[in-house]
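Written out below as structure tokens is the structure these notes cover.
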Amino acid sequence: MITKFKAAFRGFLAGPDFRYQRAHRFTLEDKLLSITLPDSNVVAVPNTVDLHYPYKNKLWFESHCKQRDQHQFVRIITKNWMYLPPFNLIPDSEYGMLSCQLRIKRTEKINVLDTKALANYLTQEYDDFYNGPEGQNTIVRQEVEEQSANLVTPFTPEELKQQLGYALANRGYPPLDPAKQIEINNRTWVFYHEWMQNQRSFQDYYCLPLSEHCFLEAKFNHRVDRSDKHKKWKNHALQAQERIMQSITLGDIPEEKGRLIEGQVE
């Protein structure tokens, strides 16, 4: 347990504690997926965790997947870690939360094994979702254009551009930086970063091809509840994220072990 003195010195309490961690193992068809995660410090109703994921089966995927924004996926496991003030004098004064979710995604639009194509696909799906006919950015643009049309003196083209910029900065989703390929444990992952201009919260995604149509995704959500305190725990959360990614391995299942179950606390 982190002492109050140490917590006061570094500016926060809790977060992922790698002294208390668990190795989790799952079978993905003929592959063994392993990840080591610190125990969650968030009280929540336990989620059922399957051990076997026949991800190549399209019908299985369609019957188990969920939709969140542009993301369609089958969840494998989720862990959450709150960051708290050293001395919690006011209820609900959490600094923020880091979460990690492993999931499987599927697409037939590209050959996922081509990591360059995967990188382009990920950012294009984001752009198509938010700038499509029913996307949030499209809605914001329509509202500003309607506001201008209802004025006695409509915005000039320059004013309209400026107002659109303000509105999209407050309520829209900015273009993503290009996704990039990175090496982790001798495997090529595709990484990209989602954020909003008026928020400190952000999401990092790491994607690993599994087959022509499927890939593994590790999502890290950095939820910032108090922006004035984010600097205190931001680096700790990013370092925990990197350490978790380094723990992920994917290899052949040893024949003598067959289907494996989750590992025990290390």
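Quick notes on this one:
- Test: residue in region 203-220 that is of a type in the set (Lys, Arg), at pLDDT 95 or above and farther than 22 Å from residue 20 by Cα: no
- Meets criteria (free of Cβ contacts under 8 Å to residues at least 40 places away in the same chain and either in a loop (DSSP other than H, G, I, E, B) or in contact with a helix residue (DSSP H, G or I) (Cβ under 8 Å, 6 or more places away or on another chain) (or both)) for residue 211: no
- Residue 48 satisfies every condition listed in (1) outside any strand (DSSP E or B); (2) of a type in the set (S, T, N, Q); (3) modelled with pLDDT of 95 or more except (3).
- Every pair of residues 6+ apart whose Cβ atoms lie under 6 Å, when the first sits in region 1-22 and is acidic (Asp, Glu) while the second is modelled with pLDDT of 70 or more: 17/38
- Any hit, region 150-159, residues being among the aromatic types (Phe, Trp, Tyr), buried (at least 16 other Cβ atoms within 10 Å of the Cβ) and under 25 Å from the mean Cα position of the chain (by Cα): no
- Inspection of region 80-98 identifies at least one residue that is at positive phi and part of a loop (DSSP other than H, G, I, E, B).
Quick grid of which residues meet (1) among the acidic types (Asp, Glu); (2) under 25 Å from residue 97 (Cβ atoms):
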| site | (1), (2) |
| --- | --- |
| 149 | no, no |
| 155 | no, no |
| 162 | no, no |
| 165 | no, no |
| 170 | no, yes |
| 182 | no, yes |
| 188 | no, no |
| 204 | yes, yes |
| 213 | no, no |
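- Neighbours by Cβ (under 7 Å, 6+ apart or cross-chain): first from region 172-191, under 20 Å from residue 129 (Cα atoms); second in a strand (DSSP E or B) and among the basic types (Lys, Arg): 191/180
- Qualifying residue in region 124-143 (condition: farther than 22 Å from residue 35 by Cα, in contact with a strand residue (DSSP E or B) (Cβ under 8 Å, 6 or more places away or on another chain) and not hydrophobic (A, V, I, L, M, F, W, C)): yes
- Per the conditions (1) over 30 Å from residue 33 (Cα atoms); (2) loosely packed, with under 13 Cβ neighbours inside 10 Å; (3) of a type in the set (Lys, Arg), the sole criterion not satisfied by residue 229 is (2).
- Filtered by the rule that a residue be part of a loop (DSSP other than H, G, I, E, B) and crowded, with 20+ Cβ neighbours inside 10 Å, region 102-137 gives a lone residue, 112.
The values are calculated or read from the model by the stated rules, or taken from the named source; none is laboratory data. Owing to the predicted nature of the structure, the values given are computational and were not obtained by experimental measurement. Virtual Cβ from ideal backbone geometry, glycine too; neighbours counted across all protein chains shown.
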